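In what follows, a single structure is set out as structure tokens and then discussed.
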Amino acid sequence: MIRAENLTKRYGDTTVVQDLSFTVHPGAVTGFLGPNGAGKSTTLRMILGLDAPTRGHATVDGRPYARHTAPLTRVGALLEARSTHPGRSARHHLTALALTHGIPRSRVDRVLALAGLTQVADKRVKGFSLGMGQRLGIAAALLGDPATVVLDEPVNGLDPEGVLWIRTLLKSLAAEGRTVLVSSHLMSEMALTADHLIVIGKGRLLADTTVDALVRASGGAAVKVVTPEPDRLRDLLPGAGITVEAPDTLLVTGPDAPEIGRTAAAHGLPLHELTPQAASLEQAFMALTHDSVEYQGAPA
């Protein structure tokens, strides 16, 4: 279990993280989300003892990371995939880490196979692609068979097969009862992988909830309506948000499908399609973090 209590980090006059509290429970994949500059990386660094908080504290299984006598066997982390010596092979890199904790060489072979790197285990890391570097970083995170796994943008550089692999891996780790915290900007992937979400913006907690609850709370669900009389439907639904998808197709927010159907029937309006469209996690995230985005582009 990871627990952050009133975490605050300041650099001079700039507050990067402010009074941030949350708990990451075992047995679930928890997505850690936020716009660029939200304070995600700083928070992860404080959890892993790489940055000292200005105020508050973070613990893993009840104690600060630095106080674990064999941290690799308690917490596996990937913050920067390229933090390896380019002249070493993947096997040598993992073996050097294993020797610091008395981890057997057989475990090195195990995680190389798990990450799909067995065939390139003896090649120098400097020749690795970004995706291979990510796989090596994940292998290093799992080297100590830790109960807690913290990964920052683990799908960066991975091809579709690699993305499916990491998705399956994260779910299997959680199913084993491990604590899994994953930072990502890919909302579509988080929607498929995460059970729980912690969302921050400008260093503050915005949401600590499930994926389904966040999407429902966003109110972004819509109804696709196909009708030969779209202008008439607009007049019948004056309070609705209506987007024109095609000459005969509207996306309606506000009233639900039964309400739209009843209104159309009462006025003899023909409908060729009436389909609820679930809001996406991306839509919910964008709505939640709209005021926390550091840079906003203008419409094209």
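The values are calculated or read from the model by the stated rules, or taken from the named source; none is laboratory data. If you're wondering where the values come from, they're calculated on a predicted model, not measured in any experiment. Reconstructed Cβ throughout: ideal geometry from the backbone, glycine too, with neighbour counts over all protein chains shown.
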Could you list, in sequence order, the residues of segment 223-235 that are of a type in the set (A, V, I, L, M, F, W, C) and either free of Cβ contacts under 8 Å to residues at least 40 places away in the same chain or surrounded by fewer than 16 Cβ atoms within 10 Å (Cβ to Cβ) (or both)?
Leu233
Positions within segment 226-267 being part of a strand (DSSP E or B) and among the polar types (S, T, N, Q), in sequence order:
Thr243, Thr249, Thr253
For segment 212-222, does any single residue satisfy the condition of being crowded, with 16+ Cβ neighbours inside 10 Å and more than 18 Å from Ala284 (Cβ to Cβ)?
no
Is there a residue in segment 149-161 that is touching a residue at least 12 places away in the same chain (Cβ under 8 Å) and surrounded by fewer than 14 Cβ atoms within 10 Å (Cβ to Cβ)?
yes
I'd like to check something: does segment 236-253 contain any residue that is farther than 30 Å from Ser188 by Cα and in contact (Cβ under 8 Å) with a residue 40 or more places away in the chain?
no
Kindly evaluate Ala77 against the criterion of being in contact (Cβ under 8 Å) with a residue 40 or more places away in the chain and more than 17 Å from Glu5 (Cα to Cα).
yes
Looking only at segment 202-215, which residues are in contact (Cβ under 8 Å) with a residue 60 or more places away in the chain and either aliphatic (A, V, I, L, M) or assigned to a helix (DSSP H, G or I) (or both)?
Leu205, Leu206, Ala207, Val211, Leu214, Val215
Selection status of Arg135, assigned by TED's automatic domain parsing to the domain that holds Arg178, surrounded by fewer than 23 Cβ atoms within 10 Å (Cβ to Cβ) and either without any contact (Cβ under 8 Å) to a residue 40 or more places away in the chain or not in a strand (DSSP E or B) (or both):
no
